[in-house]
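First up is the structure itself, then whatever we jot down about it.
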Amino acid sequence: MSIKANKNLITITTKNTSYQMKIDELGYLLHTWYGERIEDNEDMSYRISNMDRGFCGNPYETMDRSYSLDVLPQEYSTFGNGDYRADCIQVINPDGTNVVDLKYDSHKISKGKYELKGLPAFFWEKEEGESLKVNLIDKVSGIRVELLYGVLEKYDIITRSVRIVNTSDNVLKIKKALSACIDMLDGDFELVHFHGKHAMEREFERSPLAHGKLVLESKRGTSSHQQNPFVILAKKDTTEIYGECIGFALVYSGSFIIETEIDQVNQTRLVAGLHPEQFSYVLKAGDELVLPEAVFTYSNGGFEKITHSFHDAVRNNLQRGEFVHKHRPILINNWEATYFDFDADKIFDIALKAKSLGIEMLVMDDGWFGERYDDTKGLGDWYVNEKKLGSSLKELAKRINAIDMKLGIWFEPEMINEDTKLYREHPDFMIRVPNRKGTKGREQFVLDFTRKDVRDYIRDMMVKILDNANIEYIKWDMNRSLSAVYSSNLAAESMGEFHYRYVLGLYDLLNELTQKYPSIMFEGCSGGGGRYDLGMLYYHPQIWLSDDTDAIERLKIQYGSSFAYPIGSAGAHVSASPNHQTTRKTPFETRATVAMGGTFGYELDLNKVSKTEQKMVKAQVKDYLKYDELIHEGDYYRLTSPYDKSRVTAWQLLSKDKSLGLLSVVVQSVEANESNIYIYPRGLDENAYYKIAEEKRRGKVWMSGGLVLPRIKEEYESFRFEIKRV
Ligand code: GLA
């Protein structure tokens, strides 16, 4: 049993960790522990010591001036009851006041996992994990807050969510409603977070926390390129393989906030959830509001342990569908090969060459529909442009299938251009504030996905296409941020629900289509990795990692993304050199080494590369197929960081039974009169013998002595070493 209630203590235990809360004498739910595993009857509240502190108020019902919610660690912080730190919930009561005072009411432990209506969430069977619900109520306003916890013991994973129920007869307005709060009594924490921009997502940054707040957020309607809803709270001395840290993520794809704060007595708080600046929710009598799931894991073994827990849990207990644990076809995408300039013959020629080199699927990207000759028009007209293609889609699919290749196509279902049949016939489908022109992004506007009729209309167009040609893959793109939102379906007082309802609408359509077409493989995309989050990974086995295909820049993008997200969920392609985004020239083989740090594919016209390079493709495909399972199911190790001074970036994959591994090294810079470079593999069986680079040594020797990298022959050279137990 991983959840135990013992008098007024509730303790959650996983394989290596414990999480504890306590109902105190006034009925408040305090957070007493998250860290190393303890026994469930060990009351960790002894670490809390109260003291009469100036300007820290006391609840009316106590005579104790040393009792103050302003410094006590809480499970769900509220606004208006004397805690001035980051709060999880703010409510406007019918009389205009905004006090929320939540007290423990009841709890229930059950087997299996709670479900969140309309939202992606981790799942497991009854025998795999338990759930806990703690009801808190504010008797005056009639708000019931149901705190939901899920425990995936074997991976040290705890999930949280919240259901807010209005049990009163009044209408309440929820101003802020976050998913989770983590209070730490001591510790000098830093925050590891992942910022970026289009074509350079998830850059690693480690920032000290300060008294006051460090806030990460997206207000773009998507989780965004700029910030990612995954962070790590880490002690100052924590490294990749040593020290305490907590990995925390939201299972959500829209605007979010993660607030971290050090309070006046040096305690650390993290709260996270829906971005409050873009949120208000009218909760009528009897209604409920379900909040996105948060997931976290504690590690006393550095970042690597967090990564292993997240990767295992995400691919086994979050991602759905037949492709998660199945071979995903090696694809060639025509975007960087042709951009908008293609017809069916050109696509077929690319497919034919690719097929002869072992590639399994052709993906026809943007430009096959409507009047889509460039990026100024056509989005929303999901009918095949047979004039441009010179063929029907059905015919093209037939031709491609006839050479034993699969066909995939690109969609951007959430978007509309003004120059379309869709806009001319249904201008109200587009998000536009009355009397305002709004902002364009890539000349396009966003559809009102809060409306079911709009979603149904788009779905019907897509279904028509999918039912008429043998399409086996969809790239679901999204190429702008939301701004100036409005829906004719929402009353003025409910407009604050727009962002949240947009994401629910998106999930609804994704759910419908992925269920209807279980054997179509979906790949997510938002101008590359602008929506690379756990919400999207629930629907997509993989997501196009970045529009930046430069192998050297990708080292950083893949490094940052790997902390939380399984590397097999990252779409990674070999593209042309000089690279289209950076103009950098890199060796063909290095581009493949880097693309094998994700789900492998190509994005160039292989008719245009040299015969030698074509031969290399054949060998690369063979190599990838050999390591396919390792890449998708193995443990991932970041051996060096692309941000360090070291001249190389190295990473390693190792099968769960430790018998097979792949060690990849990319040279980032060269120098004269160079010194030796040692690469230290990890995770090997110490006493087993392993062959690496034709040499046989004991696991322990490899791990402590390292592998001496052969002399570097050229800039940006790369190495792929097989690790084989012998
Ligand atoms: C986005 C995607 C690209 C490509 C283009 C097509 O930028 O990330 O991969 O599909 O759109 O317009």
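The values are calculated or read from the model by the stated rules, or taken from the named source; none is laboratory data. As the structure is a prediction and not an experimental result, all values here were calculated from the model. No Cβ is skipped: glycine too gets one built from the backbone with ideal geometry, and neighbour counts run over all protein chains shown. Side chains are part of the model used for accessible areas, which takes the heavy atoms of the whole protein and leaves out ligands, DNA and RNA. Shrake-Rupley method; radii C 1.70, N 1.55, O 1.52, S 1.80 Å.
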Per-selection Kirkwood Rh - the stretch 582-725 (Cα, Å, 1 d.p.)
16.1
Cα→Cβ-extended label distance, 7 Å offset, between Lys15 and Val140, nm
4.7
For the stretch 231-340, what does the convex hull of the Cα positions come to per residue, in cubic angstrom?
252
On full extension of the chain, what length is gained from Asn266 through Asp419, given 0.36 nm per residue of separation minus the C-alpha to C-alpha distance?
49.4 nm
Quick one: pull the percent of accessible area on the stretch 575-726 belonging to carbon and sulfur, 1.4 Å probe, ligands and nucleic acids left out.
49
Using the C-alpha gyration tensor of the stretch 1-139, what are the square roots of 5 times its eigenvalues, in whole angstrom, with the largest one first?
29, 21, 12
Hey, any idea what % of the stretch 1-135's accessible area is carbon plus sulfur with a 1.4 Å probe?
49
Using alpha-carbon coordinates, inclination of helix 302-317 to the longest axis of the chain, degrees
80
Cα centroid distance between the stretch 136-205 and the stretch 310-325, in Å?
23
Percent accessible area from carbon and sulfur atoms, the stretch 146-269, protein chains only, probe 1.4 Å:
47
So the angle from the long Cα axis of helix 551-562 to the longest Cα principal axis of the chain, reported in degrees to the nearest 10, equals 30
Taking a quarter of the surface of the Cα convex hull of the stretch 390-439, what do you get in nm²?
5.3
How much length is gained on full extension from Glu512 to Asn98, taking 0.36 nm per residue of separation minus their Cα-Cα distance?
145.2 nm
Full-extension gain in nm, Asn170 to Asn676, via 0.36 nm per residue minus C-alpha separation:
174.9 nm
For the chain, the per residue accessible area (1.4 Å probe, Å²) is 37
Taking the alpha-carbon set of the stretch 620-682, what are its Rg and Dmax in Å?
13.6, 41
Efficiency of FRET between Arg442 and Tyr60 - r from beta-carbon atoms, R0 56 angstrom, step 0.05:
0.50
I need the phi-derived Karplus couplings for the stretch 214-226: 6.51 cos²θ - 1.76 cosθ + 1.60, θ = phi - 60°, integer Hz, Gly and Pro marked x.
10, 10, 10, 7, 10, 10, 8, x, 10, 5, 5, 6, 6
Residue-averaged [θ]222 nm for the chain, counting only DSSP H segments that reach four residues, each worth -39500 (n - 2.57):
-6000 deg cm²/dmol
So, in nm, how far is label Ala402 from label Leu352 when the simple model puts each one 7 Å beyond its Cα toward the Cβ?
1.1
Between the alpha-carbon centers of the stretch 644-694 and the stretch 601-624, tell me the distance in whole angstrom.
25
Treating the beta-carbon of each Lys and Arg as +1 and of each Asp and Glu as -1, no other charges, what is the dipole magnitude of the stretch 442-496 about its Cα centre, to the nearest 20 debye?
100
Using the alpha-carbon atoms, what tilt in degrees (0 to 90, nearest 10) does helix 498-516 show relative to the longest principal axis of the chain?
50
On a 20 Å Cα-Cα criterion, which of the cross-link pairs Lys346/Lys388; Lys154/Lys236; Lys22/Lys108; Lys353/Lys615 come out too long?
Lys154/Lys236
Given Lys618/Lys724; Lys406/Lys611; Lys355/Lys622; Lys197/Lys440; Lys7/Lys103, the pairs whose alpha carbons are separated by over 20 Å
Lys618/Lys724; Lys406/Lys611
How big is the convex hull of the Cα atoms of the chain, per residue, in Å³?
162
So, in Å, what gap is there between the alpha-carbon centers of the stretch 23-98 and the stretch 348-383?
57
